[in-house]
Amino acid sequence: MNAVAAPITPAFRPMALEDIDRVLLIERVAYPFPWTRGNFCDCLESGYSCWLAEVDGEIVGYSIFMVGAGEGHILNCCVDPHWQSRGLGRALMYRLIESASEFGAEVLFLEVRPSNSRAIELYISLGFETVGLRRHYYPAVLGREDAMVMRRVL
Ligand SMILES: CC(C)(COP(=O)(O)OP(=O)(O)OC[C@H]1O[C@@H](n2cnc3c(N)ncnc32)[C@H](O)[C@@H]1OP(=O)(O)O)[C@@H](O)C(=O)NCCC(=O)NCCS
């Protein structure tokens, strides 16, 4: 019998430089081509919205987005693999959508690998639609992979 884990409601707080060590541990197990420490530092220094999801004080996921001229761009949304499929990705995205609206975004964009069916399902269920394709956008094990561009009007 397969046990289905109950959904979890995380607490949210802004990411700080001191959190990057833990964030990098998650990033490196969650992605085949992870961001570097420099990528996270740049986002914090640029004033992008960087949020952490915590469960009992443990960082279990994060999201990063920027808003400019009414457009929001989601740069990262990630849940620790040990904590996936418990509703945390959806909770991070709900929080992100709400914050982006508060920052004046009228539309949100993101890029996702066509092979990332899990993330794509989540985005479609949240009202994102595919509006374009960036050819050879991502590094891949064999060369490059395209990016689907998805959009949600807020
Ligand atoms: C994509 C990601 C953020 C989803 O986080 P999560 O906490 O596992 O997702 P949730 O539990 O909130 O589930 C949200 C939806 O994702 C999809 N999903 C989650 N687990 C899934 C699984 N095991 N198989 C297929 N789809 C799954 C479902 O559509 C699910 O909706 P449902 O709960 O109504 O069925 C997470 O898989 C992740 O961090 N992946 C690595 C980083 C990444 O690829 N980020 C996206 C970059 S564009």
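Does Gly72 satisfy the condition of being within 14 Å of the ligand (Cβ to nearest atom), open to solvent by less than 20 Å² (accessible area, probe 1.4 Å) and at pLDDT 95 or above?
So Gly72 does not fit the description; no.
So Asn39 passes all but one of these: (1) over 22 Å from Ala140 (Cα atoms); (2) within 15 Å of the ligand (Cβ to nearest atom); (3) open to solvent by 30 Å² or more (accessible area, probe 1.4 Å). Which condition number does it fail?
(1)
Got at least one residue in segment 85-98 being of a type in the set (Phe, Trp, Tyr), surrounded by 17 or more Cβ atoms within 10 Å (Cβ to Cβ) and out of contact with any Pro (no Cβ under 7 Å at 6 or more places or on another chain)?
No, the conditions are met nowhere in segment 85-98.
When segment 56-69 is examined, which residues are found to be over 9 Å from the mean Cα position of the chain (by Cα) and open to solvent by less than 20 Å² (accessible area, probe 1.4 Å)?
Correct list: Ile59, Val60.
What is the residue count in segment 1-57 for residues that are part of a loop (DSSP other than H, G, I, E, B) and of a type in the set (S, T, N, Q)?
So the answer is 4.
Answer yes if at least one residue in segment 103-115 is at pLDDT 95 or above, out of contact with any strand residue (DSSP E or B) (no Cβ under 7 Å at 6 or more places or on another chain), open to solvent by 10 Å² or more (accessible area, probe 1.4 Å) and not in a loop (DSSP other than H, G, I, E, B), and no otherwise.
no
Regarding Cys50, is this residue touching a strand residue (DSSP E or B) at 6+ places or on another chain (Cβ under 7 Å), hydrophobic (A, V, I, L, M, F, W, C), within 11 Å of the ligand (Cβ to nearest atom) and closer than 19 Å to Phe12 by Cβ?
It is false that Cys50 is touching a strand residue (DSSP E or B) at 6+ places or on another chain (Cβ under 7 Å), hydrophobic (A, V, I, L, M, F, W, C), within 11 Å of the ligand (Cβ to nearest atom) and closer than 19 Å to Phe12 by Cβ.
Looking only at segment 95-102, decide whether some residue is under 11 Å from Pro10 (Cβ atoms), in a helix (DSSP H, G or I) and modelled with pLDDT of 95 or more.
yes
Of the residues in segment 22-36, how many are out of contact with any Lys or Arg (no Cβ under 8 Å at 6 or more places or on another chain) and open to solvent by less than 40 Å² (accessible area, probe 1.4 Å)?
4
Every residue in segment 118-144 that is without any contact (Cβ under 8 Å) to a residue 40 or more places away in the chain and not in a strand (DSSP E or B), please.
Correct list: Arg118, Ile120, Glu121, Leu122, Tyr123, Ile124, Ser125, Leu126, Gly127, Phe128, Leu142.
The values are calculated or read from the model by the stated rules, or taken from the named source; none is laboratory data. If you're wondering where the values come from, they're calculated on a predicted model, not measured in any experiment. Counting neighbours? That spans all protein chains shown, and the Cβs are built from the backbone with ideal geometry, glycine included. Accessible surface is based on the protein model in full, side chains and every heavy atom, while ligands, DNA and RNA are left aside. Shrake-Rupley method; radii C 1.70, N 1.55, O 1.52, S 1.80 Å.
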